[in-house]
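S.K.: I'd like to ask you about the structure that follows.
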Amino acid sequence: MYTLGIDIGSTTSKCLILKDGVKIAASSLVRGGIGTAGASEVIEKVFEESGLVREDINAVTATGYGRGHYQDADAQVSELTCHALGARFVFPEVRTVIDIGGQDAKVIAIDEFGVMKNFLMNDKCAAGTGRFLDVMANILRIPVHELESYAARSSTPAAISSTCTVFAESEVISQLAKGVDTADLVAGICVSVANRVAALVKRLGIVPAVCMSGGVAQNSGVRRAMENAIGGDILCSENAQLFGALGAAIHAFRTRNFN
Ligand code: ADP
């Protein structure tokens, strides 16, 4: 049995096909989220990669900010549920999931059975989200996937005192003008995002094991800063950006098998 999960985010569409609820058969990721052709392209890509066709798929669950716009789904489920399911599939021991996406950050507490117990979310402010990193990367003219290598070269992260993205943008520009090293600026930007989200984690309560999900999890600069901020290790997978789509595919499998 094949089930498909699609996660239509604010910046990126992700898709994953699961075989018999246990094996990842194929996955795809396309830049372009809600309101773009990203959703149809990511589906096309996953079928291309897997060699499967729509008729092979037994159930589809959609998640993400754009899930309501996706007509070809049997169910639409919140990102909180899907990130919790996806994270637990990869890390069975996980109790706290930190999801940092393109426009929000969520911290999810799950119990030993994988059920979501509680969550906190920042969807009001770009600071502490991927958006903050995207804006800063743009000013520094560094591709977002290269931020981590700059951060790794810094031994003294620059202090970014503004918590507002717009003011922080001016602050970064003025530090650049003063000749502050780009690596230190990038490291400071990573620390700023990590500290904002760590405040949410601490409010919810840190229960190990902790893992990161969402696109920003790929940035080791943010990951390391987050470990410093919460005072403990964070599990991370190279598939972290796909956890929502994975959780959606698991949800689709369970709906078929347990209802
Ligand atoms: P959404 O679901 O809201 O579209 P994602 O979880 O897909 O969000 O994450 C998107 C964010 O991930 C982007 O805003 C960007 O900052 C970050 N990101 C994407 N790819 C990378 C990468 N290779 N390295 C570091 N950060 C990345």
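No value in this document is a laboratory result; all are computed from the given coordinates. Just so it is clear, the structure is predicted and the values come from calculations on it, not from any experiment. Heads up, the Cβs are rebuilt from the backbone with ideal geometry, glycines too, and the neighbour counts pull from every protein chain shown.
S.K.: For the chain, what does -39500 (n - 2.57) per DSSP helix run (n ≥ 4), summed and divided by total residues, give at 222 nm, in deg cm²/dmol to the nearest 500?
M.R.: Values: 8 runs with 105 residues, N = 259.
Estimated from H runs of four or more residues: -13000 deg cm²/dmol.
S.K.: Where does each of 175-185, 12-22, 223-233 land if you order them by average Cβ count within 10 Å, highest first? Please list the in-between numbers first.
M.R.: Details: 175-185: 14.9, 12-22: 21.9, 223-233: 17.7.
Taking the mean over residues of other Cβ atoms within 10 Å, the ranking is 12-22, 223-233, 175-185.
S.K.: So what's the net charge close to CYS15: Lys and Arg +1, Asp and Glu -1, counting the other residues with Cβ under 9 Å from its Cβ? Kindly include the intermediate steps, with their values, before the conclusion.
M.R.: Numbers: positive: LYS14, LYS45; negative: ASP7.
Taking every other residue near CYS15 into account, the sum is +1.
S.K.: Restricting the count to DSSP beta bridges whose residues both fall in the chain, what percent are antiparallel, rounded to a multiple of 5?
M.R.: Working: 26 of 40 bridges.
The answer is about 65 percent antiparallel.
S.K.: Now a separate question. Sort all Cα-Cα distances of the chain into consecutive 10 angstrom bins from zero, then give the percent of pairs in each bin up to the one containing the longest distance.
M.R.: P(r) for the chain, in whole percents per bin: 8, 32, 33, 20, 7, 1, 0.
S.K.: Moving to a separate point now. Provide the three semi-axes, in whole Å and in decreasing order, of the ellipsoid equivalent to region 1-91 as defined by the square roots of 5 times the Cα gyration tensor eigenvalues. Show your work: numbers first, answer last.
M.R.: Working: eigenvalues 64, 51, 28 Å².
Working through the eigenvalues yields semi-axes of 18, 16, 12 Å.
S.K.: Give the percent of DSSP beta bridges with both residues in region 1-79 that are antiparallel, rounded to the nearest 5. Could the numbers behind the result be given before it?
M.R.: On the way: 15 of 23 bridges.
Around 65 percent of the beta bridges assigned by DSSP in region 1-79 are antiparallel ones.
S.K.: Next question, about the same structure. How many percent of the alpha carbon pairs in region 58-185 exceed a separation of 27 Å? Spell out each step's value before the answer.
M.R.: Values: 3034 of 8128 pairs.
I get 37 percent for the Cα pairs in region 58-185 exceeding 27 Å.
S.K.: Let me ask another. What list of ³J(HN,Hα) values in whole Hz, one per residue of region 148-164 in order, does the Karplus curve 6.51 cos²θ - 1.76 cosθ + 1.60 (θ = phi - 60°) give from phi, with Gly and Pro shown as x?
M.R.: Coupling constants for region 148-164: 4, 6, 5, 4, 5, 7, 8, 10, 9, x, 5, 7, 10, 8, 6, 8, 8 Hz.
S.K.: Sticking with this structure for a sec: If you filter region 27-109 for GluC sites (Glu not before Pro), then keep DSSP loop positions with at most 14 other Cβ within 10 Å, what is left? Walk me through the intermediate numbers first.
M.R.: Details: sites: GLU41, GLU44, GLU48, GLU49, GLU55, GLU79, GLU93; in loops: GLU93.
Sites meeting the loop and neighbour criteria: GLU93.
S.K.: Within straight cross-link reach of LYS124, meaning Cα distance under 20 Å, which lysines are found once same-chain residues fewer than 8 apart are removed?
M.R.: LYS106, LYS202
S.K.: May I ask for the Kirkwood hydrodynamic radius of region 113-213, worked out over all distinct Cα pairs and given in angstroms to one decimal? All intermediate terms of the calculation are to be shown ahead of the outcome.
M.R.: Values: mean 1/r = 0.0685 Å⁻¹.
Roughly 14.6 Å, rounded to one decimal.
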